[in-house]
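**Student:** The structure that follows is given in the form of structure tokens.
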Amino acid sequence: MDNTLQKYLPELAVVPCFELIKTHGVHLKIVNHRVTRHGDYRRLPNGLHLITVNASLNKYRFLITLVHEIAHLVAFETYGRRIKPHGVEWKRTFQHLMVPFIRPEVFPRQLLPIIANHFKNPKASSSTDARLSIALKTFDEEERQHSYVYELPTGSVFRLYNGKLFKKGNKKVKRYECVELSTGRLYLFQPNAEVELVQDVPR
């Protein structure tokens, strides 16, 4: 397992993560890219703790995602199954588990202040924190093929991964109002949502 982890994690995070996996009886499955999630945790009927993490993540997002999911396991085991999945108990657990990793030997120095700020009040997903998400994406190996919503001019038409078309509107607090062209319904988009700019708008 530790040999496998070396492919996906920062070098000095491999041993501590392997110890977390052993200590909490995690069955880790590294899976193909999923658009809707970076990872998940499930307790199976046989009592096995199954955690899946996308193989496509860069090593810094992989680390955050893995610890995020282990925090679910630890929080449920510590506080009981009736707690909110991303409630205060999970946040405290996630913060506690991440502390040993938030150092320059593990993360690049330019990421450290952004990560430290995120973990003052960790979100349900690292993608929900636009600043952190954009910073992490700069370490992706593949060349970016899509645009972020915040980069597009107001009035631009863009396509989601599911083929739906939207027109970008104004920013409301932290998110952008966008109209789905086929229904006229209004949706709020995170600034770091990855979309495809449509040059020729269908009539």
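**Student:** What pairs come out if I take residues in region 19-48 that are in the same structural domain as LEU9 (by TED's automatic domain parsing) and small (Gly, Ala, Ser) and pair them with residues that are exposed (fewer than 12 other Cβ atoms within 10 Å of the Cβ) and assigned to a loop (DSSP other than H, G, I, E, B) whose C-beta lies under 8 Å away, six or more apart or interchain?
**Tutor:** These pairs meet every condition: GLY25/LEU48.
**Student:** Moving on to the next point. Just the residues that are at pLDDT below 90 and in contact with a strand residue (DSSP E or B) (Cβ under 9 Å, 6 or more places away or on another chain), please, taken from region 135-149.
**Tutor:** The answer is LYS137, ARG144, GLN145, HIS146, SER147, TYR148.
**Student:** Does at least one position in region 120-133 carry a residue that is assigned to a strand (DSSP E or B) and either modelled with pLDDT under 90 or surrounded by 12 or more Cβ atoms within 10 Å (Cβ to Cβ) (or both)?
**Tutor:** no
**Student:** For region 103-119: of the residues being over 21 Å from THR4 (Cα atoms) and more than 17 Å from the chain's Cα centre (by Cα), which is surrounded by the fewest Cβ atoms within 10 Å (Cβ to Cβ)?
**Tutor:** Residue satisfying both the conditions and the ranking: ARG109.
**Student:** Mind listing just one residue for me: the one in region 32-54 that is among the hydrophobic types (A, V, I, L, M, F, W, C) and exposed (fewer than 14 other Cβ atoms within 10 Å of the Cβ) and, of those, farthest from LYS84 (Cα to Cα)?
**Tutor:** VAL35
**Student:** While we're on this one: Scan (1) crowded, with 19+ Cβ neighbours inside 10 Å; (2) under 15 Å from the mean Cα position of the chain (by Cα) for the single condition LYS137 breaks and write down its number.
**Tutor:** Condition (1) is where LYS137 drops out.
**Student:** With LEU132, LEU111 as the choices, which residue is in contact with a Phe, Trp or Tyr (Cβ under 8 Å, 6 or more places away or on another chain) and either of a type in the set (Lys, Arg) or under 15 Å from ASN58 (Cα atoms) (or both)?
**Tutor:** LEU111
**Student:** I'd like to verify a number: residues in region 9-62 that are among the hydroxyl-bearing types (Ser, Thr, Tyr), under 22 Å from THR128 (Cβ atoms) and either outside any loop (DSSP other than H, G, I, E, B) or in contact with a Ser or Thr (Cβ under 9 Å, 6 or more places away or on another chain) (or both), how many? First the steps, then the outcome.
**Tutor:** First pass over region 9-62, keeping only residues among the hydroxyl-bearing types (Ser, Thr, Tyr): 23, 36, 41, 52, 56, 60.
Narrowing further to those that are under 22 Å from THR128 (Cβ atoms): 36, 41, 52, 56, 60.
Retained after the next criterion (residues that are either outside any loop (DSSP other than H, G, I, E, B) or in contact with a Ser or Thr (Cβ under 9 Å, 6 or more places away or on another chain) (or both)): 41, 52, 60.
Count: 3.
**Student:** Tell me the residue from HIS118, HIS49, HIS96 that is out of contact with any strand residue (DSSP E or B) (no Cβ under 8 Å at 6 or more places or on another chain) and within 25 Å of LYS29 (Cβ to Cβ), please.
**Tutor:** Working: HIS118 fails: within 25 Å of LYS29 (Cβ to Cβ); HIS49 fails: out of contact with any strand residue (DSSP E or B) (no Cβ under 8 Å at 6 or more places or on another chain).
Among HIS118, HIS49, HIS96, only HIS96 is out of contact with any strand residue (DSSP E or B) (no Cβ under 8 Å at 6 or more places or on another chain) and within 25 Å of LYS29 (Cβ to Cβ).
**Student:** Go through region 72-95 and count every residue that is surrounded by 14 or more Cβ atoms within 10 Å (Cβ to Cβ) and either part of a helix (DSSP H, G or I) or not assigned by TED's automatic domain parsing to the domain that holds VAL15 (or both).
**Tutor:** Residues flagged as surrounded by 14 or more Cβ atoms within 10 Å (Cβ to Cβ) and either part of a helix (DSSP H, G or I) or not assigned by TED's automatic domain parsing to the domain that holds VAL15 (or both) within region 72-95 amount to 14.
**Student:** Can we say THR65 is in contact (Cβ under 8 Å) with a residue 60 or more places away in the chain and surrounded by 15 or more Cβ atoms within 10 Å (Cβ to Cβ)?
**Tutor:** yes
**Student:** Looking at THR65, THR23, THR52, which is the one that is under 12 Å from the mean Cα position of the chain (by Cα) and β-branched (Val, Ile, Thr)?
**Tutor:** Numbers: THR23 fails: under 12 Å from the mean Cα position of the chain (by Cα); THR52 fails: under 12 Å from the mean Cα position of the chain (by Cα).
Checking each option against the conditions leaves just THR65.
**Student:** In addition: With the requirement that a residue be surrounded by fewer than 16 Cβ atoms within 10 Å (Cβ to Cβ) and among the β-branched types (Val, Ile, Thr), what does region 140-178 give you?
**Tutor:** Residues satisfying the conditions are THR154, VAL173.
The values are calculated or read from the model by the stated rules, or taken from the named source; none is laboratory data. Note that this is a predicted model, so its numbers are computed, not measured. Using ideal geometry, Cβ is built from the backbone for each residue, glycine included, and neighbour counts are taken over all protein chains shown.
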